[in-house]
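Student: Please find one structure pasted underneath; my questions will follow.
The values are calculated or read from the model by the stated rules, or taken from the named source; none is laboratory data. Being a predicted model, the structure only gives us computed values, none of them experimental. Please note: Cβ atoms are built from the backbone with ideal geometry, for glycine as well, and neighbour counts cover all protein chains shown. SASA here: full protein model, heavy atoms, side chains in, ligands and nucleic acids out. Shrake-Rupley method; radii C 1.70, N 1.55, O 1.52, S 1.80 Å.
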Amino acid sequence: MKTWPKAALGDLLVRADETAVLDPMAEYHEVTIRLWGKGIVSRGKVLGSDVVSARRVVRANQLILSRIDARNGAIGLIPPQLDGAIVSNDFPAFAFRDPERCDAAFIGWLVRSAPFVELCKAASEGTTNRVRIKEDRFLDQKIALPPLAEQQALVARLETLAEKTRQLQDHLDAAERDAERLLSTRFRAAIANAPLRTMADVAPLVRRQVTIDPETSYTELGVRSFFKGTFQRRTVSGADFSWQDIYRVKTNDLIFSNIMAWEQAIAIARPEDDNCVGNHRMLTCVAAPERTVPRFIWYYFTTLEGFAKIEAASPGTAARNKTMTALALMAIEVPLPPLPTQQAFDRLQAEVTALKAKHTAIRTANAALLPATLERVFAEPA
């Protein structure tokens, strides 16, 4: 940041206090503010007759903040689509005094920067969960304010950068959608006319019971819902497992949570999961290597057809009662094309997984680019 002249926020902003006069039969957007500069969005619509406390109207390009979470970056400009929305007194809004001196879009970018979040922290006080921004202290804070033309030039550059990061994100998303469509197409072709075999036949349940040593540490494995894979929950001494049986997990085990399989808690054990343990609710199956590939079976259960069989094997009406027994799992029939066909599909899956891993690294760098630029642009000179 250049050595720009300083201006108090109170010289640039004026409190906007337009009282909301609500039509009982009309619907109004209510505003919520995402943390860390993620924007102002609608919390949903509410009928005027359902609003029982005082509300204010906010207008497009007003600056709005959360009294509680401004110190966590909950601040930004009202977008055009929320012009006329309503807010409670916990969300003070401010209009700009002189658009010829201060460009609203410039402030919109400034408030997303780490230095401005620190300014909001300095304007907040309180203890524990009662920390709130003090409006007078906030308006007393000073910011570096370049000339209007320079503000507008900065806005143009930042918007160009934001658009490029968005385009890159869209490109990555589109590439992954194409990859998923390719997988789906290849899988349907692979299982066309394939014979069905039971899980007991191709990937039977294997229980590797552990004799618990109270002095030994064990890493407990969990399975995330929605096909999100495994995670290592905790490493604890054997004494903590004294009330239950535990079972050893090996790399490439097909793992089913018998109480959450209905919520897609189905995964493949990773190499780093080898020798972790799970309790009796974790059903581990081992694919017969001469007949099938574990990831091929796993993929089948991600399809509508395959997952429908998991749901059918998990009866009940409430989450705690939707339990899949080992017998029910073993009775599920899965398609079994020739092993080379499965292996070819497995290689394609591995390529898609590698592609997504590369995209994850690109996404991380892409997401960091704009915040890093804002911090550099709006940092106070040393």
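Student: Under 1.5 on a/c is rounded, so check that first for the range 148-232, then, if it is not, pick prolate when a/b is larger than b/c and oblate when it is not; a ≥ b ≥ c are the square roots of the alpha carbon gyration tensor eigenvalues.
Tutor: Oblate, since a/c reaches 1.5 and b/c is not below a/b.
Student: How much accessible area does VAL131 have with a 1.4 Å probe, in Å² rounded to the nearest 10?
Tutor: 20 Å²
Student: For the chain, build the charge dipole from Cβ charges (+1 Lys, Arg; -1 Asp, Glu) around the Cα centre, then report which of THR360, ILE133, ILE75 sits farthest towards its positive end.
Tutor: Towards the positive end, the residue furthest out is THR360.
Student: Another question, then. Which whole-number percent gives the relative contact order of the chain, counting Cα pairs below 8 Å spaced six or more residues apart?
Tutor: 15 percent
Student: Rounded to the nearest 500 deg cm²/dmol, what is the calculated helix-only ellipticity per residue at 222 nm for the chain, with -39500 (n - 2.57) per DSSP H run of length n ≥ 4?
Tutor: -11500 deg cm²/dmol
Student: With every protein chain in place, what's the accessible area of THR325 (1.4 Å probe, Å², nearest 10)?
Tutor: Accessible area of THR325: about 70 Å².
Student: Using Cα springs under 10 Å in a Gaussian network model of the chain, which residue among LEU158, LEU304, LEU63 shows the largest mean-square fluctuation?
Tutor: Between LEU158, LEU304, LEU63, it is LEU304 that shows the largest mean-square fluctuation.
Student: How large is ³J(HN,Hα), in whole Hz, for each residue of the range 8-15 in order, when computed from phi with the Karplus curve 6.51 cos²θ - 1.76 cosθ + 1.60 and θ = phi - 60°, using x for Gly and Pro?
Tutor: 6, 4, x, 7, 9, 10, 9, 4
Student: Taking 8 Å as the Cα distance limit and 6 or more residues as the minimum spacing, I'd like the relative contact order of the range 1-46 as a percentage.
Tutor: 27 percent
Student: Anything in the chain that counts as a DSSP H helix reaching 20 Å or more along its axis (C-alpha) with Kyte-Doolittle mean of at least 0.0? List them, would you?
Tutor: Sorted by number, the helices that extend far enough and score high enough are 339-378.
Student: Using a Förster radius of 30 Å, what is the FRET efficiency between GLU135 and MET25 based on their Cβ-Cβ separation? Nearest 0.05, please.
Tutor: So the FRET efficiency works out to roughly 0.30.
Student: Out of MET25, MET282, MET199, any idea which swings most in a Gaussian network model of the chain, alpha carbons joined below 10 Å?
Tutor: Judging by the Gaussian network model, the answer is MET25.
Student: Taking Cα centroids, how far is the range 141-174 from the range 33-55 in Å?
Tutor: Using only Cα atoms, the two centres lie 26 Å from each other.
Student: Taking a ≥ b ≥ c as the square roots of the Cα gyration tensor eigenvalues, with a/c under 1.5 meaning rounded and otherwise prolate when a/b beats b/c, else oblate, which class fits the range 244-310?
Tutor: oblate
Student: Using the Karplus curve 6.51 cos²θ - 1.76 cosθ + 1.60 with θ = phi - 60°, what ³J(HN,Hα) values do you get for each residue of the range 94-108, in whole Hz, with x for Gly and Pro?
Tutor: After applying 6.51 cos²θ - 1.76 cosθ + 1.60, I find 9, 9, 8, 5, 9, x, 7, 9, 9, 7, 4, 5, 4, 5, x Hz.
Student: For the chain, rounded, prolate or oblate, judged on the Cα gyration tensor with a ≥ b ≥ c (square roots of eigenvalues), a/c < 1.5 rounded, else prolate if a/b > b/c?
Tutor: It comes out prolate by the Cα gyration axes.
Student: In addition: Can you give the relative contact order of the range 244-321 as a percent, counting alpha carbon pairs under 8 Å and 6+ residues apart?
Tutor: 34 percent
Student: Next up: If you put +1 on each Lys and Arg Cβ and -1 on each Asp and Glu Cβ, how big is the dipole of the chain around its Cα centre, in Debye rounded to 20?
Tutor: My answer is approximately 340 debye.
Student: If you project the alpha carbons of the range 293-337 onto their three principal axes, what span does each projection cover, largest first, in Å?
Tutor: Principal-axis extents of the range 293-337 (Cα, largest first): 35, 20, 13 Å.
Student: Heads up, I need the accessible area for SER53: 1.4 angstrom probe, whole protein in place, Å², nearest 10.
Tutor: For SER53, solvent-accessible area is about 60 Å².
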